[in-house]
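Engineer: If you scroll down you'll find the structure; I have some questions about it.
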Amino acid sequence: MKFKIAPQAPRGMHDLLKDDAELFLGIFNEILKHSYLYGFEYIRTPIVEKEEIFTASLGAFTDVIEKEMFYIDKKEKGEKYVLRPEGTAAIARAYLQNGMHSWPQPVKLFYFGPMFRYERPQAGRYREHYQWGLEIIGTEDPIYDAKIIQTFDRFLRKFKLKDFIFRINSIGCLNDRNKYKKYLKKYYKKYLKNICEDCKRRYVNNPLRLLDCKNEKDQEIKKSAPVIVDYLCKQCEEHFKKTLEYLEELEIQYELDPHLVRGFDYYSKTVFEIYFVEKTTAIGGGGRYDYLIKFLGGKQIPGVGGAIGIERLMDIFKIHQIKLNVYKKPLVFIAYATEKAKKYAYYVYDLLLKNNINVVENFAKNSLTSQLEYADKIGVKYSIIIGHYEMGSKSVILKNMLDKIQETIPLANLVEELKSRLK
Ligand code: HAM
């Protein structure tokens, strides 16, 4: 088969190379340590889920369900499969399926993996993105709303990042929301002719999403809309107050955002997003979801969580020039001088790796000169050179690449010798 143009990755999806790839792995490494330290255990769920997991929980009239799902061609007994657009609904499914209600509660889980949304690709908005997610299931206690925020806050501060803020709101329980929606619709009714086409649909299908409108023209109208915190019941008000008190106790920077509603219908009570001053899009977000497990057919088991987008986090790390080194530069190169010595060189190379010595080769080059040129280019301290003679005498030549001094070392002493020289 011949390609008309060079083959390309799918639109909105990217290869990750070199420094970016290293930063990604470095972040992953830090996330593992941090999540375990803060008491979360790792969970992995499939990248593919049944469509109904998301349609039953995110809300029929949300952007993700209406237009951003990635469908898979294969069906099983009429069930449609999708690439997961987010992690929370899948974790709730796993909680039910694995009987996690019988584990000590609350269950605290973290995950790291790709999510897929059929979006119009633009800066910071991709069709495949990675998320680090945290979920705490089995408690209503507001201290856990604060704990999710605390865990993200302390992670970012570990890298001396300061110019970010948590925007926070409470959208109450279902009763509060239903009551509020009536007042919101009453307010917007006067402006029905003036609002954008999307908002006209939202007015009918999902009025809370009116507050999510980014259309310039609609902002003035939104500004004076009633705010949901004025409609919270006693219990939800108390929950929100306590959450904020915990954040204050920990000196976490937050601001109230009375119009913050988030993009999925599974949220209740606390919702939050994380914003950096240099960006207009959130790097993370989350909230409480006390009805989600019920939406999926379980009992009403409360939960709270959040997720940070890794691509957006990487942008912030780059702006602040934060480097995380997972790659250790090799300090030793191994070269062979003759074709006959190649096998012995390969044996020595393997021996060094087995002894944890970071040695590099370029066995694809067959002249010694070009192998040593390569060694110079990558800047190693020592080269090991193996020829016919060394093979016979079970020794190697050790060349110092700085002063170019060469010495012969018995193979039996090589590991120890290198370890002491590289200290
Ligand atoms: P979300 O706000 O949709 O929440 O996504 C979380 C984060 O993922 C966003 O703040 C953003 O950084 C990143 N993100 C989302 N979509 C894209 C995209 N198209 N391209 C690049 N980055 C993106 C959730 O997904 C919830 N499941 C979070 C949660 C966990 N709530 C409770 N628990």
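The values are calculated or read from the model by the stated rules, or taken from the named source; none is laboratory data. The structure displayed is predicted, hence computed values, not measured ones. Please note: Cβ atoms are built from the backbone with ideal geometry, for glycine as well, and neighbour counts cover all protein chains shown.
Engineer: What's the number of the condition A89 fails, among (1) more than 17 Å from the chain's Cα centre (by Cα); (2) modelled with pLDDT of 95 or more?
Structural biologist: (1)
Engineer: Continuing with this model, one more query. Please work out which one of (1) over 21 Å from S35 (Cβ atoms); (2) at pLDDT 95 or above; (3) more than 16 Å from the ligand (Cβ to nearest atom) is the condition I322 fails and give its number.
Structural biologist: With (1) over 21 Å from S35 (Cβ atoms); (2) at pLDDT 95 or above; (3) more than 16 Å from the ligand (Cβ to nearest atom) applied to I322, the lone miss is (1).
Engineer: Give me the pairs: first residue in the range 399-413 and surrounded by 10 or more Cβ atoms within 10 Å (Cβ to Cβ), second residue in a loop (DSSP other than H, G, I, E, B) and of a type outside the set (K, R), beta-carbon distance under 9 Å, and six or more apart or on different chains, which are they?
Structural biologist: If the second residue must be in a loop (DSSP other than H, G, I, E, B) and of a type outside the set (K, R), the pairs left are K399/I405; M401/G379; M401/V380.
Engineer: Take I334 and decide whether it is modelled with pLDDT of 95 or more, surrounded by 15 or more Cβ atoms within 10 Å (Cβ to Cβ) and assigned to a loop (DSSP other than H, G, I, E, B).
Structural biologist: no
Engineer: Quick one: would you say A146 is of a type outside the set (V, I, T), crowded, with 16+ Cβ neighbours inside 10 Å and within 14 Å of the ligand (Cβ to nearest atom)?
Structural biologist: No, not satisfied.
Engineer: Quick test for you: out of Y231, Y203, pick the one residue that is more than 25 Å from the chain's Cα centre (by Cα), more than 16 Å from the ligand (Cβ to nearest atom) and either within 30 Å of L96 (Cα to Cα) or in contact (Cβ under 8 Å) with a residue 40 or more places away in the chain (or both).
Structural biologist: Y231
Engineer: Moving on. Would a scan of the range 305-315 turn up a residue that is basic (K, R) and not in a helix (DSSP H, G or I)?
Structural biologist: No - not one qualifying residue is present in the range 305-315.
Engineer: Let me ask you something else. Name the residue that is farthest from L156 (Cα to Cα), counting only residues in the range 37-46 that are touching a residue at least 24 places away in the same chain (Cβ under 8 Å) and surrounded by fewer than 16 Cβ atoms within 10 Å (Cβ to Cβ).
Structural biologist: If we take residues in the range 37-46 being touching a residue at least 24 places away in the same chain (Cβ under 8 Å) and surrounded by fewer than 16 Cβ atoms within 10 Å (Cβ to Cβ), then P46 is farthest from L156 (Cα to Cα).
Engineer: How many residues are touching a residue at least 40 places away in the same chain (Cβ under 8 Å) and not aliphatic (A, V, I, L, M) if we restrict to the range 372-396?
Structural biologist: 8
Engineer: Is it the case that the range 153-163 has a residue that's in the same structural domain as A94 (by TED's automatic domain parsing), among the aliphatic types (A, V, I, L, M), buried (at least 17 other Cβ atoms within 10 Å of the Cβ) and farther than 30 Å from F70 by Cα?
Structural biologist: Among the residues of the range 153-163, at least one is in the same structural domain as A94 (by TED's automatic domain parsing), among the aliphatic types (A, V, I, L, M), buried (at least 17 other Cβ atoms within 10 Å of the Cβ) and farther than 30 Å from F70 by Cα, which makes the answer yes.
Engineer: Test of understanding: among Y266, Y275, which residue is closer than 22 Å to R125 by Cβ, out of contact with any strand residue (DSSP E or B) (no Cβ under 8 Å at 6 or more places or on another chain), of a type in the set (S, T, Y) and within 10 Å of the ligand (Cβ to nearest atom)?
Structural biologist: Y266
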